[in-house]
Amino acid sequence: MQGMALTPAAPERARLSQRLARRGFDVTTLLLLPALLFVMALFVYPAIYGLWLSLHPMNGGGALANYINFFSDAYKYDTIFTTLKLAIPVTLVNLLISVPIALRVRHMRYQRILTTILIIPVTLGTVLTAQGMLNYLGPLGWFNRVLMLLGIIHEPVRLVHDFTGVFLSQIVGGFPFCFMLVLSYVTGIDPSLESAAAMLGAGPFARFRHIILPLLGAGLAITFCLAFVQAFAVFPSAVLLGAPSGPTRVIAIAAFHAAYEEYDYSMGSAVAIIMGAVQIIVVMLVMKASSLLYRGPVAGGKG
Amino acid sequence: MTFNNEMGARLWRLAIWVFIGFFIINLVGIIAAVVVDSFGTSWFNSWLPGGFTTSWYSQAWSSFQLGGVLLVTFEVAGAVLLGSALLGVPAAYALARRDFPGKRFVMLIFVLPLIIPPFTYGIPLASVLYKFGLGGTLTGVILANLMPSVPFVIFILVPFIEQIDPRVEAAARVFGAGTGALLRTVMVPLLVPGILAALLLVLVRTIGMFELTFLTAGPGSQTLVVELYYSVFAAGMRANQSIDAMAVIYMATSLICLVIALRFVDPTQIVGRAKRTAH
């Protein structure tokens with residue numbers, strides 16, 4: 001009986017697996033599943049859970065109570081602008097310095113030495129950089145000493161426990177990140193395009209304006225977005241190097257404060273979601289602007 | 001006219017080198033200030049400390065219980081390495097070799113944890129871990145650190161696998177190798193350099209990963225970088241030299257891993273993965 005029941009089913013199943021295999025689903029594709037399930041469980045599920053949690057306020061008051069609370073309290077919603085005021089200038093400065101340097105360095109023979117030095121602050125991370133900068137940029141630190149020795153200033157300038165400290169630490173960590181991304185885009189541009197333009201009489205500025213910039217546009221927009229979201233989520237240096245209750249009270253501090261100091265995970269999740277939403281909005285604006293400025297092949301020479 | 005252009009180009013080149021030099025000098029200054037202070041006896045209003053000593057290291061070692069912290073750090077890093085290899089390598093193979101409907105969606109799921117900063121998704125992740133009783137435990141810290149490492153390994157390995165000739169695998173299949181045997185005896189040996197590179201980068205990233213560990217760790221599951229944060233945060237409780245000694249131990253740990261990693265990979269890969277993934 002069993003045999004009879006299975007016989008007609010077997011070819012059917014084979015056909016199904018063959019059909020699936022033709023579309024790309026076979027045993028090999030299944031190797032993907034553990035990793036996919038893992039990321040689903042620890043990234044997608046927490047994101048959905050966080051949204052659900054933020055809509056169920058700890059102290060009651062309707063689904064949107066946390067969001068209403070955030071946007072009606074100036075001390076809370078001001079963190080968005082504080083963070084934007086830090087993140088946008090830092091990202092622009094890092095990007096604007098990176099482009100000319102990357103254009104210069106791509107012709108260099110010992111490129112690897114420079115990239116190795118620049119990867120050090122990225123590796124050491126913001127906490128160590130913060131401790132180093134507290135020593136180095138402090139009122140008795142070497143930086144102020146050198147400036148006084150050179151007669152540029154007469155008394156130490158305040159560089160830490162202030163907006164400046166956080167800004168500088170975001171350059172120390174962010175510039176190498178931007179530079180390496182821009183460098184990898186720049187090296188993707190065929191140098192013969194520039195030689196051709198130079199032969200036809202284009203000066204350095206014209207070559208940059210008409211050849212490099214259009215080819216680099218999309219890459220610069222992506223670099224801006226990646227660097228911006230990192231800068232927008234700044235936390236350790238804003239606490240250690242800045243004035244975390246005043247000029248550098250960034251949105252990550254507000255989220256941390258709600259979740260870990262007031263033990264209100266619902267509000268903490270709401271602030272984290274607002275943080276993510278602001279990042280998405282800025283990224284979408286930048287991508288939109290870059291597609292309006294330049295439409296055409298992203299890379300490649302024949303465009 | 002030509003002369004002016006020549007001068008302008010030279011000045012421009014000079015300006016770029018001056019900036020690079022200025023950046024590197026300050027970077028060296030920031031790091032050297034920590035190292036010098038950690039060996040100094042007392043350092044107030046002078047260029048260098050009054051005298052030199054190594055006593056801050058023994059003090060930092062005992063007062064911060066660094067032995068235990070280092071053990072936790074390497075337990076977390078080891079577990080993350082193992083987990084990201086077991087989950088990441090098979091998934092990278094599947095993504096490199098198969099095209100299937102929904103692949104773009106899967107890629108998107110894997111890209112997001114890499115481009116969204118950890119602090120944005122860390123709080124919801126931590127609340128899920130706390131919900132299941134894993135918050136503040138070593139397991140929770142390992143899971144949280146493993147999360148971005150798995151996609152990271154995948155995106156480093158996919159191009160490595162794509163450049164291996166599929167006919168090598170076809171030949172193995174002809175001789176009767178199943179998927180398991182194929183992975184074990186053909187693909188993994190060919191992929192060892194790629195896997196090694198990816199795992200070394202994961203090691204460097206895990207040691208330096210502040211945000212996720214900070215948000216999920218409790219007493220007894222804090223790694224070195226989180227311990228460093230707390231001691232800088234509570235500066236004034238202990239001598240600054242003692243904190244700097246701990247910072248030097250952290251720096252040495254991650255720089256040694258970095259130096260080993262750089263023997264196998266190009267530095268741009270450490271941030272460059274974003275370029276491939278962001279398209």
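Would you please state the base-10 log of I(q)/I(0) at q = 0.15, 0.16, 0.24 1/Å for the stretch A:131-226, with intensities from the Debye formula using one equal scatterer on every alpha carbon? Values returned for q = 0.15, 0.16, 0.24 Å⁻¹ are -0.74, -0.77, -1.16. Near residue B:89, within a Cβ-to-Cβ distance under 13 Å, what is the net charge of the other residues, with Lys and Arg +1 and Asp and Glu -1? Charge balance in the 13 Å sphere: +2.
Under 5 Å between amide hydrogens, built in the peptide plane, is the criterion, and for residue B:40 it picks out B:53 among residues at least 5 positions away or on other chains. Label positions at residue A:51 and residue A:16, each projected 7 Å from the Cα along the C-beta direction, are separated by 3.2 nm.
Evaluated at q = 0.13 Å⁻¹, the base-10 log of the normalised Debye intensity for the protein assembly as shown, with identical point scatterers placed on the Cα atoms, takes the values -1.48. Per residue, the average separation of C-alpha pairs within less than 8 Å and at least 6 apart gives the stretch B:1-85 a relative contact order of 13 percent. May I ask for log10 I(q)/I(0) of the stretch B:126-279 at q = 0.15 Å⁻¹, from a Debye sum over the Cα atoms as equal point scatterers with solvent left out? Taking Cα atoms of the stretch B:126-279 as identical point scatterers yields -0.94.
Over chain B, Cα pairs under 8 Å with separation of 6+ residues give a relative contact order of 28 percent. Note on residue B:108 and residue B:264: their simple-model spin labels are 3.3 nm apart, each label 7 Å out from Cα toward Cβ.
Inter-chain Cβ neighbour count for B:143-153, averaged per residue, equals 3 (cutoff 10 Å, partner chain atoms only). In this simple spin-label approximation, residue B:62 and residue A:147 carry label points 7 Å from Cα along the Cα→Cβ vector, and these lie 4.1 nm apart. Take each residue of peptide A:173-179, count the partner chain Cβ atoms within 10 Å of its Cβ, and average: the result is 2.
Across the stretch A:75-293, the mean sequence separation of Cα contacts (distance under 8 Å, 6 or more residues apart), normalised by length, yields a relative contact order of 29 percent.
By its C-alpha gyration tensor, with a ≥ b ≥ c as the square roots of the eigenvalues, how is the stretch A:75-293 shaped: rounded for a/c under 1.5, else prolate for a/b larger than b/c, else oblate? Oblate, because a/c is 1.5 or more while a/b does not exceed b/c. Helix-only arithmetic for the protein assembly as shown: the sum of -39500 (n - 2.57) across DSSP H runs with n ≥ 4, divided by the residue total, places the mean residue ellipticity at 222 nm at -24000 deg cm²/dmol.
Taking the square roots of 5 times each eigenvalue of the Cα gyration tensor of the stretch A:70-197, largest first, gives ellipsoid semi-axes of 32, 23, 14 Å. Only helices at least 24 Å long along their axis, Cα-based, and averaging 0.5 or more on Kyte-Doolittle count here, so list those DSSP H runs from chain B. Taking the DSSP H segments of chain B (at least 24 Å long, mean hydropathy at least 0.5), we get B:2-38, B:66-97, B:138-162, B:188-208, B:240-262. For chain A, complete DSSP H runs whose alpha carbons reach 18 Å or more along their own long axis and whose mean Kyte-Doolittle score is 1.6 or higher are A:163-186, A:213-232, A:265-293. Along the axis of the charge dipole computed for the stretch A:75-293 (Cβ charges of +1 for Lys and Arg, -1 for Asp and Glu, origin at the Cα centre), the listed residues A:218, A:240, A:283 are led at the positive end by A:218. Could you pull out the chymotrypsin sites (Phe, Trp or Tyr not before Pro) across the stretch B:145-191 that fall in loop regions by DSSP (anything but H, G, I, E, B) with no more than 12 other Cβ atoms inside 10 Å? Here the chymotrypsin sites (Phe, Trp or Tyr not before Pro) that fit, given the DSSP loop and packing criteria, are B:175. Cut-off 10 angstrom, C-alpha nodes, Gaussian network model of chain A. Which of A:130, A:231, A:202 fluctuates the most? With Cα springs under 10 Å in chain A, the top fluctuation among A:130, A:231, A:202 is at A:202.
For the stretch B:60-128, divide the Cα radius of gyration by the Kirkwood radius and give the resulting Rg/Rh value with two decimals. My calculation of the ratio gives 1.15. Please work out whether the stretch A:36-106 counts as rounded, prolate or oblate from its C-alpha gyration tensor, where a ≥ b ≥ c are the square roots of the eigenvalues and a/c under 1.5 means rounded, while otherwise a/b larger than b/c means prolate and anything else oblate? Verdict is oblate for the stretch A:36-106. Taking B:151, B:117, B:101 as the candidate residues, the one with maximal mean-square fluctuation in a Gaussian network model of chain B, Cα springs under 10 Å, is B:101. Per-residue shielding of A:201-210, expressed as the average number of other chain Cβ atoms within 10 Å of the residue Cβ, stands at 1. Once the Cβ-Cβ distance between residue B:82 and residue A:58 is put in as r, and R0 is 25 Å, what FRET efficiency do you end up with, to the nearest 0.05? That gives a FRET efficiency of 0.10. Computed from the C-alpha gyration tensor, the three semi-axes of the ellipsoid equivalent to chain B are 39, 30, 18 Å, from longest to shortest.
Read-outs throughout are calculated quantities, based only on the coordinates presented, and are distinct from any laboratory measurement. Worth saying up front: this structure is predicted, and the values here are computed from it rather than measured. Neighbour counts are summed over all protein chains in view; Cβ atoms, including those assigned to glycine, are modelled from backbone coordinates with ideal geometry.
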